[in-house]
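Scroll down for the structure; my scribbles are underneath it.
The values are calculated or read from the model by the stated rules, or taken from the named source; none is laboratory data. Since we're looking at a predicted model, the values are computed, not measured. For neighbour counting, all protein chains shown are included, and Cβ atoms are generated from backbone atoms with ideal geometry for every residue, glycine included.
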Amino acid sequence: MGSLNVYLATTLLDAEVYPPEDLADLYFQRWVVELDFRHIKITMQMDVLRCKTPQMVRKELWCHLLAYNLIRHVMWEAEQIKGARPGRTSFKGAIQYLISFRAVFSVTTQQQKKVLINQLLDLIATQEVPYRPHRVEPRVKKRRPKKYRLMNKPRGDLRAALIGA
């Protein structure tokens, strides 16, 4: 594979303190942070906050972050117990398994829950994301917004206007 040229603008100019290789490595590590933000916003459906007041928006944000960290903890536990490679487990896959097991947990005994937890961790650990070093993706929107107007009147008023038309 050929070499990859990266041009990085930085104020960290001392090459002995900040070797170019270290800066390049940090640049590529940012992809993991981008994925984490995407998981919080898109996978966890937090791209549009539903609350109206600042106090409730803060609560909604904290609840999403708490859920994110709890899911990450379950993933970490699955990796540790099942010997999976750390950081390679699918976040979306973990959420899907947690949701699918939710109903079963509510109707099982304590002994059955222990078996189910072990099965759940095993399934989560098998959802491995392939290693893709130096992955670069464009920052563009894939889907175009719909060409409908925003709803800025009560639904009943809009229905009445449609029926009256």
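Tell me, which residue of the stretch 110-133 that is surrounded by 13 or more Cβ atoms within 10 Å (Cβ to Cβ) and β-branched (Val, Ile, Thr) is nearest to Trp31 (Cα to Cα)?
This residue is Val129.
Pick from the stretch 10-52 the residues that are farther than 30 Å from Gly93 by Cα and among the β-branched types (Val, Ile, Thr): which of them is surrounded by the most Cβ atoms within 10 Å (Cβ to Cβ)?
In this case the residue turns out to be Thr10.
Limited to the stretch 45-67, what total is found for residues that are touching a helix residue (DSSP H, G or I) at 6+ places or on another chain (Cβ under 6 Å) and either of a type in the set (A, V, I, L, M) or modelled with pLDDT of 95 or more (or both)?
Counting residues in the stretch 45-67 that are touching a helix residue (DSSP H, G or I) at 6+ places or on another chain (Cβ under 6 Å) and either of a type in the set (A, V, I, L, M) or modelled with pLDDT of 95 or more (or both) gives 2.
Quick check on Ala84: is it closer than 30 Å to Pro133 by Cα, surrounded by 14 or more Cβ atoms within 10 Å (Cβ to Cβ) and touching a Leu at 6+ places or on another chain (Cβ under 6 Å)?
Answer is no for this residue.
Condition check ((1) closer than 30 Å to Ala24 by Cα; (2) hydrophobic (A, V, I, L, M, F, W, C); (3) within 19 Å of the chain's Cα centre (by Cα)) across all residues:
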| site | (1), (2), (3) |
| --- | --- |
| Leu70 | no, yes, yes |
| Arg85 | yes, no, yes |
| Ala103 | no, yes, no |
| Thr108 | no, no, no |
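Looking at the stretch 50-71, which of its residues are among the aromatic types (Phe, Trp, Tyr) and in contact (Cβ under 8 Å) with a residue 24 or more places away in the chain?
The answer is Tyr68, and nothing else.
Can you tell me how many residues in the stretch 52-102 are of a type in the set (Lys, Arg) and in a helix (DSSP H, G or I)?
So the answer is 6.
Starting from the stretch 24-49, take each residue that is on the phi < 0 side of the Ramachandran plot and outside any helix (DSSP H, G or I) and list its partners that are among the basic types (Lys, Arg) and surrounded by 13 or more Cβ atoms within 10 Å (Cβ to Cβ), counting only C-beta distances under 8 angstrom and pairs at least six apart or across chains.
Going by the 8 Å Cβ cut-off, the qualifying pairs are Asp47/Lys41.
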